[in-house]
Amino acid sequence: MPDIVSLDLTSWDAAITPEAQLTAVRTLERGGVLVSPHLAFALLKGEGRYLSPRWSNGKAKNISLDGNELRGARGGPADLAELSDMVARFAQCASGMVRRLMPRYAPYVRTARTSFRPQPAVGRALSWRKDDSRLHIDAFPSRPNQGERILRVFCNVNPSEDRVWRVGEDFDAMARSFLPRIKPQLPGTARALAWLRVTKGVRSDYDHLMLGLHDHAKADLQYQRHCRQQIVRFKPGTTWMCFSDQVMHAAVSGQHMLEQTIHIPVTALYEPEHAPRATPERLCGRSLVTVK
C-alpha cells in the first residue's frame with residue numbers, strides 16, 4: 001500500500017530542512033501521499049463567504065483559474081475578482097512550497113490550472129469516467145503529457161468538515177492487473193486526434209496506456225470494492241500532495257478544497273526509476289513515449 005507520511009509544516013514560506021526535503025522526495029516519488037496536518041491556507045477577511053456552492057455556475061465541475069481567466073464561477077465583477085485573487089494566492093503558495101521542498105524541481109515547475117471546489121465531493125450525477133468517487137490515477141484524454149509527471153497539492157479549507165479519500169493499492173499492482181486488458185493504439189490514431197484538435201498534442205503509447213488504466217479501474221466495480229485500499233482523513237486546515245498519476249485515489253466526502261496541478265518532467269526527478277512509466281515499459285519491453 002502507498003505510504004501516508006506526515007511532515008509537520010506550519011507556514012507556506014517556512015525554511016525547509018534537508019531532512020524534510022528527503023522525506024518529501026522519497027514519499028512522493030515512491031508513490032506515497034505527503035500530509036502536512038498544520039499547513040492551513042488562511043482566508044483573508046471576507047473570503048469565507050466563498051465557501052458556498054452558490055459561486056459555481058453549475059456547468060463546470062469546479063471553479064478554476066487558468067492563467068488569468070477564472071472559469072466555472074458566477075457573481076458580480078468585484079466578487080469574481082476577489083475570488084480569482086484568492087485562488088491565485090493559493091497557486092503561489094503551492095508552487096512555492098513545491099520548489100522549496102524539492103529544489104531540483106524548481107527550474108522545471110510548470111503550473112497548470114488551479115481549482116477551487118466548493119461543491120460536495122460526491123453526490124453529483126456524473127458519467128463513470130468522470131466519477132472521482134471511484135479509485136483512479138489521473139490521466140487526461142485531451143491533454144497527453146508524454147510521460148511528464150502530475151503533481152497535485154490539495155488543501156482542505158473547510159472550517160469544520162474532513163476531506164476523506166480512499167487510497168488504493170500500489171501503482172505496480174494495479175498496472176499488472178489491467179495492462180493486459182488494454183488494446184494497442186491503432187497506428188495513425190494519435191496524429192489524427194491531434195490534427196482534429198481532439199487532443200492538445202500527440203498521444204503517445206504511454207498516454208494511451210495511462211488512459212486505459214484510468215478507465216479500466218473505474219469501470220471495474222469488483223476491483224473498486226475488493227482491491228486493497230485504505231481510508232485517509234484530511235482534517236480542516238490540512239495540506240497534502242501526491243503524484244496523482246501514480247497514487248490510486250478516490251473522493252469519499254468533503255466540501256471546499258483548493259488544488260494546484262503542477263507538471264514535472266521525468267528528467268527533474270531525484271529517483272526517475274520509480275516513475276509510473278517504468279512499469280508498463282518493463283512489461284512491454286520498449287519505450288512508450290515514441291509516437292507512431
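The values are calculated or read from the model by the stated rules, or taken from the named source; none is laboratory data. Because the structure is predicted, anything quoted here is derived from the model rather than measured. We place every Cβ from the backbone using ideal geometry, glycine too, and count neighbours over all the protein chains shown. All accessible areas refer to the heavy atoms of the entire protein, side chains included, with ligands and DNA or RNA removed. Shrake-Rupley method; radii C 1.70, N 1.55, O 1.52, S 1.80 Å.
Below are the figures for this structure:
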{"read-out": "Solvent-accessible area of Tyr270 with every protein chain in place, 1.4 Å probe, in Å² to the nearest 10", "value": "70 Å²"}
{"read-out": "FRET efficiency, Lys235 to Arg282 (Cβ-Cβ, R0 35 Å, nearest 0.05)", "value": "0.35"}
{"read-out": "Paramagnetic reach from Arg225 (point 7 Å along Cα→Cβ, amide N under 16 Å) across region 102-144", "value": "134-135"}
{"read-out": "Region 161-218 shape via C-alpha gyration tensor axes, a/c threshold 1.5", "value": "oblate"}
{"read-out": "Using alpha-carbon coordinates, inclination of helix 205-219 to the longest axis of the chain, degrees", "value": "70 degrees"}
{"read-out": "Accessible-area value, Lys235, 1.4 Å probe, nucleic acids and ligands omitted, Å²", "value": "130 Å²"}
{"read-out": "Computed over the chain: relative contact order in percent, which uses C-alpha pairs under 8 Å that are six or more apart", "value": "31 percent"}
{"read-out": "Of Ala14, Ala91, Ala251, the one that fluctuates the most in a GNM where the chain has Cα springs shorter than 10 Å", "value": "Ala14"}
{"read-out": "Part-to-part distance (alpha-carbon centres) for region 104-164 and region 47-101, which is given in Å", "value": "14 Å"}
{"read-out": "In nm, spacing of pseudo-spin labels at Lys59 and Ala42 (7 Å Cα→C-beta vector)", "value": "3.7 nm"}
{"read-out": "Solvent-accessible heavy-atom area per residue, rounded to whole Å², over the chain at 1.4 Å", "value": "47 Å²"}
{"read-out": "Residue-averaged [θ]222 nm for the chain, counting only DSSP H segments that reach four residues, each worth -39500 (n - 2.57)", "value": "-8500 deg cm²/dmol"}
{"read-out": "Pairwise label distance in nanometres, Ala81 with Asp131, each label 7 Å out on the Cα-Cβ vector", "value": "4.3 nm"}
{"read-out": "Length-normalised contact order of region 115-234 in % [C-alpha pairs under 8 Å, at least 6 apart]", "value": "43 percent"}
{"read-out": "Region 20-120 shape via C-alpha gyration tensor axes, a/c threshold 1.5", "value": "prolate"}
{"read-out": "Relative compactness, the chain, computed as alpha-carbon Rg over 2.2 N^0.38 Å", "value": "0.99"}
{"read-out": "Accessible carbon and sulfur surface of the chain relative to its total accessible area, %, 1.4 Å", "value": "52 percent"}
{"read-out": "Helix 77-101 vs. the chain, principal-axis angle (Cα, 0 to 90°, nearest 10)", "value": "60 degrees"}
